[in-house]
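What follows is one structure encoded as structure tokens, with my remarks underneath.
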Amino acid sequence: MLCQDYAREISDAIGVSVDSSKFRVLTNSICSKEVIVETKQKEVYYIGRLNYEFKRVERLLKAWNIVSQRYPDWTLNILGEGEESQNLKTLAAKLKLERVNFLGFSNNPQPHYDRAAIVCLTSTYEGWGMVLMEAQTNGCATIAFDCSAGVREILSPSWENGVLVTPYSIEEYAQSLSKLMEDEDLRNKIAVNARSSVKRFSLENTLNQWNNVFIELSN
């Protein structure tokens with residue numbers, strides 16, 4: 001399992017104790033960055049696939065519609081492609097959204113993480129939100145719906161390592177996004193805490209977890 005809460009969920013579903021030798025928690029890993037760009041731009045980012053079934057990026061556009069006029073110096077950037085791309089552009093036009101850029105697909109998101117003050121997810125479900133860890137290790141504040149144990153593991157405690165929003169309240173999401181946009185000290189505090197917290201998912205730690213499993217199996 002990717003985290004202990006997933007192990008408990010599966011344990012309850014199949015009736016096997018989570019303490020059984022059949023269960024192991026092996027987290028996904030993230031490569032650490034020694035140097036980051038600390039001076040971020042006033043830019044909110046979505047980075048990922050443009051998909052309706054799971055990603056639901058239209059929720060972010062609707063939240064932006066609520067907050068954007070109060071923050072005319074901020075920009076929303078959508079980095080990614082997918083089958084929902086044209087529908088999202090149509091919605092942005094219908095809502096007459098300002099300062100929304102559809103950047104398309106990029107093989108190198110690093111320059112965007114360097115700019116992003118806030119990275120958003122509005123997914124219905126995320127097994128393990130790698131983009132959240134990537135954003136954290138790059139010193140970005142992160143916000144997502146509390147939609148799964150994986151997201152909760154990465155962003156908890158809320159407002160310390162990231163922001164968890166009640167699924168799927170666009171109004172609460174907009175309020176939380178607004179709070180981040182207007183408070184640079186809060187963004188910086190979350191970014192610093194998250195950079196420290198995400199180190200537990202380092203490649204070294206994950207390799208050690210796998211190595212311990214192989215040692216146990218070989219005995």
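The values are calculated or read from the model by the stated rules, or taken from the named source; none is laboratory data. These figures come from a predicted structure and were not determined experimentally. Note: ideal-geometry Cβ built from the backbone for every residue, glycine included; neighbour counts use all protein chains shown. What goes into the accessible areas is simple: the full protein's heavy atoms, side chains included, and nothing from ligands, DNA or RNA. Shrake-Rupley method; radii C 1.70, N 1.55, O 1.52, S 1.80 Å.
Structure values in brief
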read-out: Protein-only accessible surface order, largest first, of 164, 61 at 1.4 Å; value: 164, 61
read-out: Gaussian network model of the chain, Cα within-10 Å springs - most flexible of 53, 134, 126; value: 53
read-out: Relative contact order of region 1-63, defined on C-alpha pairs under 8 angstrom at six or more residues apart (%); value: 27
read-out: Share antiparallel - DSSP beta bridges, the chain, percent rounded to 5; value: 0
read-out: Vicinal HN-Hα couplings computed from phi for region 177-185 (Karplus, 6.51 cos²θ - 1.76 cosθ + 1.60; Hz; Gly/Pro x); value: 4, 4, 4, 5, 5, 8, 10, 5, 4
read-out: Relative packing of peptides 39-46, 199-206, 81-88 - highest average C-beta neighbours within 10 Å first; value: 39-46, 81-88, 199-206
read-out: Highest-fluctuation residue, 37, 192, 151 considered, GNM on the chain with Cα pairs under 10 Å; value: 37
read-out: Backbone HN-Hα couplings from phi across region 191-199 [Karplus 6.51/-1.76/1.60, Hz, Gly and Pro as x]; value: 4, 5, 4, 5, 4, 6, 5, 5, 5
read-out: Cβ-based net charge around residue 165, under 9 Å, with every Lys or Arg adding one and every Asp or Glu removing one; value: -2
read-out: Charge-dipole axis of the chain as Lys and Arg at +1 and Asp and Glu at -1 on Cβ define it, positive-most pick from 107, 122, 90; value: 90
read-out: The chain: most fluctuating residue of 155, 76, 95 per GNM, C-alpha cutoff 10 Å; value: 95
read-out: Ellipticity estimate at 222 nm from DSSP helix runs (n ≥ 4, -39,500 (n - 2.57)) divided over the chain, nearest 500; value: -13000 deg cm²/dmol
read-out: Region 108-219: relative contact order in percent, alpha carbon pairs under 8 Å with at least 6 residues between; value: 24
read-out: Value of relative contact order over the chain, rounded to a whole percent, pairs C-alpha under 8 Å and six or more apart; value: 23
read-out: Accessible area of region 172-219 divided out per residue, in Å², using a probe of 1.4 angstrom; value: 62
read-out: Aspartates and glutamates whose Cα lies under 19 Å from that of residue 96, excluding same-chain neighbours fewer than 8 positions away; value: 43, 58, 73, 84, 171
read-out: Estimated distance in nm for a label pair at residue 51 and residue 39, the labels positioned 7 Å out from Cα along Cα-to-Cβ; value: 3.8
